[in-house]
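S.K.: A single structure is presented below for examination.
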Amino acid sequence: MLGTRVPRSRVLIGAAAALGAIALGAAGLSGGSAQAAPGAPVAPAAATTHRVLFDNTKAETAGNADWIISTSQPDPLGQNANPTKETDWTGAFSAWGVALQKAGGYTLNTLPSGRTITYGNSSNAQDLSNFDTFVLPEPNVKLSAAEKTAVMKFVQNGGGLFLISDHNNSDRNNDGCDSPCVINDLLTSNGVDNTDPFGFSVDLLDISTDNPRAISDASNPVLHGPFGNVTGSILRDGTTFTLKPADNPNVKGLLYKTGSSGNTGAFFVTSTFGSGRVAIWGDSSPADDGTGQSGNTLYNGWDDPAGTDAALALNATAWLAGSGSGSTTPPTTPPTGGTCTARQLLANPGFESGTSSWTATSGVINNNASQAAHSGSYKAWLDGYGTATTDTVAQSVTIPAGCAASLSFWLHIDTAETGTTAYDTLKAQVLNSSGTVLSTLATYSNVNAASGFQQRTFDLGAYAGQTVTVKFTGTEGSKLQTSFVIDDTALNVS
């Protein structure tokens, strides 16, 4: 490597790093609308179709649970094509489904029991790539390795994930793993990013009763969205979440149990991952409408006057759905407002002019033959020493208003590390002109090592009209080396 760096050892690892690409544009949700009547919030018809998939493959109806929108699956319209009240569909979440159906602009499906969660399977009509939002309500069965990877890729590529947890020891099907166990397993062992990708974890608590209150944030589209204003929720044997903003600066607590704030005691949390969005609720009781299949003991939290649970569930669904319609790969809908000339914006995108137009740690941009470029001779080679090192490479760019924007780059990772622990990481991020992180697009690690280069692509349409910095940060531990090699970057607008 150029500069004063010593040669680095290489161990190629052949494990595939299937971390995906692209995303939907940002949501255009209105804020501050008047609160709808309890149990029947109604929003103006959405301009585009938001496609929502509810899961029923993880024992969501075990015990007294009935966390479905309808017994007609996959299509609830098979039970009643024009529902007007929650009992027109059967399920404890039927009020949620009927409210979306009545609002217009939403298509709803259920992934039936016995099916598998997939992403990118063209033969599966309920494949996640066909939806904008995936609701995983109090799962009581661990997702398989392939299912966890599918969910993470779905979010990373622009999908919205709505998780609902319940209290510790809420194992309804007695298989040894309750919803906190299932969700924490998804966050720590998913095959895509095991380093706390969403910036929160589920607390192993059983809080018998509380009425969490919303934070003050007039511009937040979940608290003040198209279905009304959120002031609080109910907690009836549920749990909370611990936030870890150092791992994901976009994590945000929106409601907190009494006496809590900051990074502890959060009851409703939102975050982002890649180009997608995530929300998590600490109890299934608030979404329970009290009606469902015969034999279940249910509770009407949806209409409980101690909370505004209907508005919270529906606003969050709308926010997670983003711009709606279209596949999560690739983005097809440019932001509105203006015209755009198609072109590539980054200067010296392949590093062939050395450090020109880039700000980088000394020696990162080089033509060292020990690590091949994707094309040409130069590339950005971060880390690879086997000692504690932080390398960066960044470039500021103005994305014109009215443009769809897509960032891509080719990445090769090799490592001397073994196993499934992420010791060394590379973060791809977008920062504003003040240096504040707007989004962590992806976090890669030694676990993602693979032979050759893979192209990564992310939607940056949300930053049209802004000057942003695209930044890569490689952080290496004190022992075995991991090399992160980036080449042939591009920020295309159209």
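Residue-wise test of (1) under 15 Å from ASP193 (Cα atoms); (2) in contact with a helix residue (DSSP H, G or I) (Cβ under 8 Å, 6 or more places away or on another chain).
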position	(1), (2)
GLY402	no, no
THR415	no, yes
TYR423	yes, yes
GLY435	no, no
SER451	no, no
ASP459	no, no
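S.K.: Kindly indicate which of ALA81, ALA125 is touching a residue at least 24 places away in the same chain (Cβ under 8 Å), part of a loop (DSSP other than H, G, I, E, B), surrounded by fewer than 24 Cβ atoms within 10 Å (Cβ to Cβ) and among the aliphatic types (A, V, I, L, M).
M.R.: Exactly one of ALA81, ALA125 is touching a residue at least 24 places away in the same chain (Cβ under 8 Å), part of a loop (DSSP other than H, G, I, E, B), surrounded by fewer than 24 Cβ atoms within 10 Å (Cβ to Cβ) and among the aliphatic types (A, V, I, L, M), namely ALA125.
S.K.: Hey, another quick one. Tell me which of these ASP132 doesn't satisfy, since it passes every other one: (1) in contact with an Asp or Glu (Cβ under 7 Å, 6 or more places away or on another chain); (2) surrounded by 22 or more Cβ atoms within 10 Å (Cβ to Cβ); (3) not polar (S, T, N, Q).
M.R.: Unmet for ASP132, out of (1) in contact with an Asp or Glu (Cβ under 7 Å, 6 or more places away or on another chain); (2) surrounded by 22 or more Cβ atoms within 10 Å (Cβ to Cβ); (3) not polar (S, T, N, Q): (1).
S.K.: Might you let me know whether segment 189-197 holds any residue that is more than 29 Å from ASN64 (Cβ to Cβ), in contact with a strand residue (DSSP E or B) (Cβ under 6 Å, 6 or more places away or on another chain) and open to solvent by less than 30 Å² (accessible area, probe 1.4 Å)?
M.R.: Yes - at least one qualifying residue is present in segment 189-197.
S.K.: Do we find a residue being modelled with pLDDT of 95 or more, farther than 12 Å from SER408 by Cα and open to solvent by 20 Å² or more (accessible area, probe 1.4 Å) anywhere in segment 439-452?
M.R.: Checking segment 439-452: not a single residue is modelled with pLDDT of 95 or more, farther than 12 Å from SER408 by Cα and open to solvent by 20 Å² or more (accessible area, probe 1.4 Å).
S.K.: Still on this structure, I have one more. Look at segment 457-475 and say how many of its residues are part of a strand (DSSP E or B) and open to solvent by less than 10 Å² (accessible area, probe 1.4 Å).
M.R.: Of the residues in that region, 5 qualify.
S.K.: Taking ILE215 and the conditions (1) open to solvent by less than 30 Å² (accessible area, probe 1.4 Å); (2) aliphatic (A, V, I, L, M); (3) more than 15 Å from GLY282 (Cα to Cα); (4) at pLDDT 95 or above, which numbered condition does it fall short on, given that it satisfies the others?
M.R.: (1)
S.K.: Picking from ALA17, ALA65, ALA21, ALA92, which residue would you name as being part of a loop (DSSP other than H, G, I, E, B), at pLDDT 95 or above and either open to solvent by less than 50 Å² (accessible area, probe 1.4 Å) or not β-branched (Val, Ile, Thr) (or both)? Walk me through it before giving the result.
M.R.: Details: ALA17 fails: at pLDDT 95 or above; ALA65 fails: at pLDDT 95 or above; ALA21 fails: at pLDDT 95 or above.
Only one candidate qualifies: ALA92.
S.K.: Which strands (runs of 3 or more DSSP E) sit wholly inside segment 364-423 and have at least 2 residues that are open to solvent by 20 Å² or more (accessible area, probe 1.4 Å)?
M.R.: Details: elements: 379-383, 389-399, 405-415.
Counting at least 2 such residues, we get 389-399, 405-415.
S.K.: Considering only segment 201-212, state which residues are of a type in the set (A, V, I, L, M, F, W, C) and either open to solvent by 60 Å² or more (accessible area, probe 1.4 Å) or farther than 27 Å from HIS167 by Cα (or both).
M.R.: LEU204, LEU205
S.K.: Where the second residue is surrounded by fewer than 16 Cβ atoms within 10 Å (Cβ to Cβ) and of a type in the set (Phe, Trp, Tyr) and the first is more than 30 Å from VAL397 (Cα to Cα) and lies in segment 411-436, which pairs have Cβ atoms under 8 Å and are six or more apart or on separate chains?
M.R.: Taking only residues 6 or more apart or on different chains, not a single pair turns up.
The values are calculated or read from the model by the stated rules, or taken from the named source; none is laboratory data. Computed from a predicted structure; not experimentally measured. With ideal geometry, Cβ positions are generated from the backbone for all residues, glycine too; neighbour counts draw on all protein chains shown. Heads up: the accessible areas ignore ligands, DNA and RNA and are worked out on the full protein's heavy atoms, side chains in. Shrake-Rupley method; radii C 1.70, N 1.55, O 1.52, S 1.80 Å.
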